[in-house]
Amino acid sequence: MAVPLPLPALHATHAGIWIAASGDVREASRGEAIARLAETPHILLNAPMVGQRLGYPDVSGLDVLELFAFIHPARFVVPTVAGLARAVGIEPPSGDAQAAAALASIAEALLSRMTKEEWAEREGAWTVNATLQRLGWGWAPFVGQRLAKPERGERMLFSRLPQWEDQAERPQPRTVSIPVADAQARLAELTGRDAEPRAGQRAMSGESVAIFAPRRAPGEPNMLLAEAGTGIGKTLAYLAPASLWAERAGGTVWVSTFTKALQRQLDAEGGRLFADEHERNRRIVIRKGRENYLCLLNLEDAMQGAFSGRAAVLAQLVGRWAAYTKDGDMVGGDLPGWLPSLFRRAGATALTDRRGECVYAGCPHYRKCFIERAERAGREADLVIANHALVMINAARGRPDAPTRIVFDEGHHLFDAADATFSAALTGQEAIELRRWIVGPEGKSRGRRRGLSARLLDVCSYDDQGATALEAAVEAARALPSDGWLARLAEDDPFGPVEALLAEVRGTVYARSKAQEAGYGLETELAEPDGSLVSAAAAAMEALEVLAKPLAALARRLEAIIEDAPDWLDSQARARVEGAISGLSWRRETLGAWIALLGRIGGIADPDYVDWLAIDRVEGREYDMGIHRHWLDPTRPLARAVLEPAHGVLVTSATLRGSEGWPSADARTGALHLPGPVAHFEAASPFDYRTQSEVLIVNDIGRNDVAGLAGAYARLIEAAGGGTLGLFTAIQRLRAVHARIADRLARAGLPLLAQHVDPIDTGTLVDIFRDDPRASLLGTDALRDGVDVPGDSLRLVVMERVPWPRPTVLHAARKLAGGGSAYDDRVVRARLAQAFGRLIRRQGDRGLFVILASALPSRLLTAFPPEVSISRLPLDEALVRVRERLFGEGCSELVANGPKAREVDTAGMSDRF
């Protein structure tokens, strides 16, 4: 029979440390807490976070988040004491002392669930816990007390996973047009007949049907650019005609996003389209890059001993999750984002598919593979929810499932996504990965990565020409960088022609580049190269050409085998050969780009490209270096590879045009390079920005005054009672401000979260922020866009300075081509508009946007809605304005007295909103 937990609990925040034991709760010093943790296991919540609070990173204990992940492996929970309390059905604590006491109650409630018949995740738990007990997992004995041994042996994980099935190729979509009235009728179904009508949403739905009409001519897609202001409801506006077309034409519409947050939102909207969960999972599929998914072969290796220590515990918990996950997505899917961070990410990335190591049909779990299942499900789905990068890569590589009807949501990111997709980089890390893909792991390298020879050994044993080409490719690949290349370059002892080139790159960058802030990399233009760099480039190019030839010959032999299939080519061998052909195809493209890049060194520069040399560093430590090439205008390859082959494309965003109008949107989306006409649609936001929001420019904070900046953030957060999103242009300043104010705010009952400080992923930080109206969050670019936090939880956005673009080589080239300072202004206006867009998300929201930059030029203020009130004022007046706007009149004296503002009760805040 189970007995109550005999363990104390420890809760640590920036406000202090509390220990609950034997029914008593008391505060403890940092030294006492560290000593007690070393002597006695304590119940904790998020051990790495506790360790950070204590300044003792090796904290261990019984983490209730690990217990939750074991008992409910694919279920969402906000990883706070209050979030867990709600999840187990107990009253959330009212303060930090009560939180310490609640930890034991939460643990008891979780453990008791295993004794109930309705526990849905019972299968496999006993077997996994037995393994975890051997691994020394702290919770295992307590789980074992409450978990009865099954009467019959439990099925192993890999026998419980469903298999995907091959299906006939889907026929071409039927040629249909969607009447406007039908699309608007479907929209009414999705929103509900009694929903308040939105004219902008209805109009956009009607306009969007045009992209599903039959295409006029090859290379001329039906393209619509739609700027739909926040609150229009653009998601359902385009899903209505998209779902109708997929249903009537028997085709697939790809909806592409830039952020994982919007992917999750779109997936949630699927319930409006298909109420039945099974049908919804069949007709709406989320697709991501392979590196996001759990690799079952990697998991099997990890569970069978390849991992040790804490990483082995993580592997077992991920194994529990694998049996219950919807789709095997480890990054933004139903694996809790906080789970890998509990193990300091030890082993998490090694469980995903990385850099072409997949053996396809050679894998014993091939028919259960999450990646293969997602790809096949996507071919039959009505809607595929993907990201910009995957859509572009599939289209550029001519994949059979390349999309022909595409909706690019968050379309203002299309330029940046194309810039990343259609670029080339000959760096040490990229080169060593190519070597490993061909040669396989060498020396004591860990992991299950297998070289090309191992994957194609049986195939090439039947084909002499293929075997010869493979042998030559493996030999040529040995000229690429190998393990230890960074140390050899630092000692000026490179091995092989590519390492010699990288050594010349390193020397040139250090000789020519301007000193940067600590933590940033170094770079310089690829211009006027000296003789040694030109000679090294020529030798490296020759080595790459030697490698390219046998890879091309091998690809031809494999294609010939597929075309004229011999008797020995069974289905598994065929799948393995097709996988190798696919991998060879894009690696040969990469090699071709590298050779072209090296061929230009010492010659005439290509005006279509921007080339530069770079050393990548983290906090002054080098981790990569090489030569980079980007398109000056990446929308040109975007138009050619993605837009022209498509039949219909919708690009939409709340800030698509910016303040520059449609010509700017045409240029940033690739529409400018299409031969046919492009339609435009605009619907203004329905929000009353004049009464719902205000912009304050604080003009008395010095640009480099970190103490003053920190004080301003603290006082603004206190004035708002939390609910603040703080945006920074540099990680160093974010950390400096956080270090100065976190304790002060925590003592006032205002938790402060911070990206790049707290040992937890960004998505989870946003979840915690959204869940607690008194919390605030500091972050950088990732939080400036794609964060949807409506209501009380976000009522103040604070930017620490004007978000000017970094003066990189690439930016300088585009600035020169794009109109000089006007180009910078366009970039900054777009960033300001995106940041302001975080503030008002729903009707009834209220909030202020504060910029701590006295030198903000007036010409940039067109980034904000024209009806918004904009004021330049000192900090003290801004504090008064914040309090009055959020909490009504009569708060001026409290605000002026600084910390006394904490005494204001914000409990009724939502009533005033």
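Could you list all residues from the stretch 824-849 that are touching a helix residue (DSSP H, G or I) at 6+ places or on another chain (Cβ under 6 Å) and closer than 19 Å to V880 by Cα?
Those that are touching a helix residue (DSSP H, G or I) at 6+ places or on another chain (Cβ under 6 Å) and closer than 19 Å to V880 by Cα: R846, L848, F849.
Taking the stretch 98-149 as the region of interest, how many residues are among the aromatic types (F, W, Y), in a loop (DSSP other than H, G, I, E, B) and more than 21 Å from L342 (Cβ to Cβ)?
Of the residues in that region, 1 qualify.
Any chance the stretch 248-260 includes a residue that's more than 19 Å from the chain's Cα centre (by Cα), modelled with pLDDT of 95 or more, buried (at least 22 other Cβ atoms within 10 Å of the Cβ) and assigned to a helix (DSSP H, G or I)?
Checked the stretch 248-260: no residue is more than 19 Å from the chain's Cα centre (by Cα), modelled with pLDDT of 95 or more, buried (at least 22 other Cβ atoms within 10 Å of the Cβ) and assigned to a helix (DSSP H, G or I).
Scan the stretch 729-771 residue by residue and report those that are among the hydroxyl-bearing types (S, T, Y) and within 18 Å of N704 (Cβ to Cβ).
Scanning the stretch 729-771 gives a single hit, T729.
Residue pairs, Cβ under 7 Å, 6 or more apart or interchain, first in the stretch 208-220 and more than 12 Å from L244 (Cβ to Cβ), second part of a loop (DSSP other than H, G, I, E, B) and among the hydrophobic types (A, V, I, L, M, F, W, C). List them.
E220/L674
Only residues that are assigned to a helix (DSSP H, G or I), farther than 18 Å from A593 by Cα and not polar (S, T, N, Q): list them for the stretch 528-544, please.
Result: G531, L533.
Just checking, which of G347, G337 is of a type in the set (G, A, S), at pLDDT 90 or above and not assigned by TED's automatic domain parsing to the domain that holds R283?
One residue alone meets the criteria, G337.
Wholly within the stretch 764-860, which strands (runs of 3 or more DSSP E) include no fewer than the required count, namely at least 1 residues that are over 24 Å from the mean Cα position of the chain (by Cα) and at pLDDT 95 or above?
Fully inside the stretch 764-860 and qualifying: 796-799, 847-851.
Residues being at pLDDT 95 or above and outside any strand (DSSP E or B): count how many of those fall in the stretch 216-227.
1
L547 - would you say it is within 23 Å of Y609 (Cα to Cα), out of contact with any strand residue (DSSP E or B) (no Cβ under 8 Å at 6 or more places or on another chain) and either touching a residue at least 60 places away in the same chain (Cβ under 8 Å) or not in a helix (DSSP H, G or I) (or both)?
For L547, the condition - within 23 Å of Y609 (Cα to Cα), out of contact with any strand residue (DSSP E or B) (no Cβ under 8 Å at 6 or more places or on another chain) and either touching a residue at least 60 places away in the same chain (Cβ under 8 Å) or not in a helix (DSSP H, G or I) (or both) - is not met.
Cβ-Cβ below 6 Å, separation at least six or inter-chain, first residue in the stretch 847-861 and assigned by TED's automatic domain parsing to the domain that holds A835, second among the polar types (S, T, N, Q) and not in a loop (DSSP other than H, G, I, E, B): which pairs?
G847/S693
Check off (1) out of contact with any helix residue (DSSP H, G or I) (no Cβ under 8 Å at 6 or more places or on another chain); (2) in the same structural domain as F212 (by TED's automatic domain parsing); (3) modelled with pLDDT under 90 for V359 and give me the number that stays unchecked.
It is condition (1) that V359 fails.
Which of the following residues is of a type in the set (K, R) and in contact (Cβ under 8 Å) with a residue 60 or more places away in the chain: R455, R478?
R455
When the residues of the stretch 723-740 are filtered to those that are out of contact with any strand residue (DSSP E or B) (no Cβ under 9 Å at 6 or more places or on another chain) and at pLDDT below 95, which remaining residue is farthest from L848 (Cα to Cα)?
That would be Q732.
Which one of these does D301 not meet: (1) buried (at least 23 other Cβ atoms within 10 Å of the Cβ); (2) more than 30 Å from H278 (Cα to Cα); (3) touching a Lys or Arg at 6+ places or on another chain (Cβ under 8 Å)?
Going through the list (1) buried (at least 23 other Cβ atoms within 10 Å of the Cβ); (2) more than 30 Å from H278 (Cα to Cα); (3) touching a Lys or Arg at 6+ places or on another chain (Cβ under 8 Å), D301 breaks only (1).
Which members of the stretch 459-482 meet the condition of being modelled with pLDDT of 90 or more and outside any helix (DSSP H, G or I)?
R478, A479, L480, P481, S482 - these are the residues of the stretch 459-482 that are modelled with pLDDT of 90 or more and outside any helix (DSSP H, G or I).
If the requirement is being under 36 Å from the mean Cα position of the chain (by Cα) and part of a helix (DSSP H, G or I), which of these qualifies: E189, E169, E165, E196?
Checking each option against the conditions leaves just E189.
Could you grab me the full set of residues in the stretch 672-690 that are over 30 Å from G844 (Cα atoms) and part of a helix (DSSP H, G or I)?
L672, H673
From the residues in the stretch 601-622 that are among the aliphatic types (A, V, I, L, M) and surrounded by 15 or more Cβ atoms within 10 Å (Cβ to Cβ), which one is nearest to A395 (Cα to Cα)?
Among them, the one singled out is V610.
Conditions (1) more than 24 Å from E227 (Cα to Cα); (2) crowded, with 19+ Cβ neighbours inside 10 Å, marked per residue:
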position	(1), (2)
G599	yes, no
R640	no, no
V649	no, yes
A654	no, yes
L674	no, yes
F681	no, yes
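Here's the yes/no breakdown for (1) part of a helix (DSSP H, G or I); (2) in contact (Cβ under 8 Å) with a residue 40 or more places away in the chain; (3) within 16 Å of the chain's Cα centre (by Cα):
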| position | (1), (2), (3) |
| --- | --- |
| L317 | yes, yes, no |
| T325 | no, yes, no |
| L335 | no, yes, yes |
| R344 | no, yes, no |
| A350 | yes, yes, no |
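Which one of the conditions (1) polar (S, T, N, Q); (2) within 30 Å of H365 (Cα to Cα); (3) touching a Pro at 6+ places or on another chain (Cβ under 6 Å) does S159 fail to meet, given that it meets all the rest?
(3)
Tell me the residue from P663, P645 that is surrounded by fewer than 18 Cβ atoms within 10 Å (Cβ to Cβ) and more than 26 Å from P807 (Cβ to Cβ), please.
One residue alone meets the criteria, P645.
Tell me, please, whether a residue that is in a helix (DSSP H, G or I), hydrophobic (A, V, I, L, M, F, W, C) and outside the structural domain of L861 (by TED's automatic domain parsing) can be found in the stretch 644-666.
Scanning the stretch 644-666 turns up at least one residue that is in a helix (DSSP H, G or I), hydrophobic (A, V, I, L, M, F, W, C) and outside the structural domain of L861 (by TED's automatic domain parsing).
For residues that are touching a residue at least 60 places away in the same chain (Cβ under 8 Å), part of a loop (DSSP other than H, G, I, E, B) and among the hydrophobic types (A, V, I, L, M, F, W, C), scanning just the stretch 40-76, find the one that is surrounded by the fewest Cβ atoms within 10 Å (Cβ to Cβ).
F76
Among all residue pairs at least 6 apart or on different chains, which show Cβ distances below 8 Å where the first residue, located in the stretch 228-245, is in a loop (DSSP other than H, G, I, E, B) and the second is buried (at least 23 other Cβ atoms within 10 Å of the Cβ) and of a type in the set (S, T, N, Q)?
These pairs meet every condition: I232/Q201; G233/Q201.
Residue by residue through the stretch 414-455, note down the ones that are buried (at least 20 other Cβ atoms within 10 Å of the Cβ), modelled with pLDDT under 80 and assigned to a helix (DSSP H, G or I).
R455
Check A97 against each of (1) modelled with pLDDT of 95 or more; (2) more than 30 Å from G328 (Cα to Cα); (3) not acidic (D, E) and name the one condition it does not meet.
(1)
Consider R690 against the criteria (1) touching an Asp or Glu at 6+ places or on another chain (Cβ under 8 Å); (2) under 14 Å from F849 (Cα atoms); (3) at pLDDT 95 or above: it satisfies all of them except one. Which criterion is unmet?
For R690, the exception is condition (3).
The values are calculated or read from the model by the stated rules, or taken from the named source; none is laboratory data. Quantities reported herein were computed from a predicted structural model and do not represent experimental measurements. Methodologically, a virtual Cβ is constructed for each residue, glycine included, from the backbone with ideal geometry; neighbour enumeration extends over all protein chains shown.
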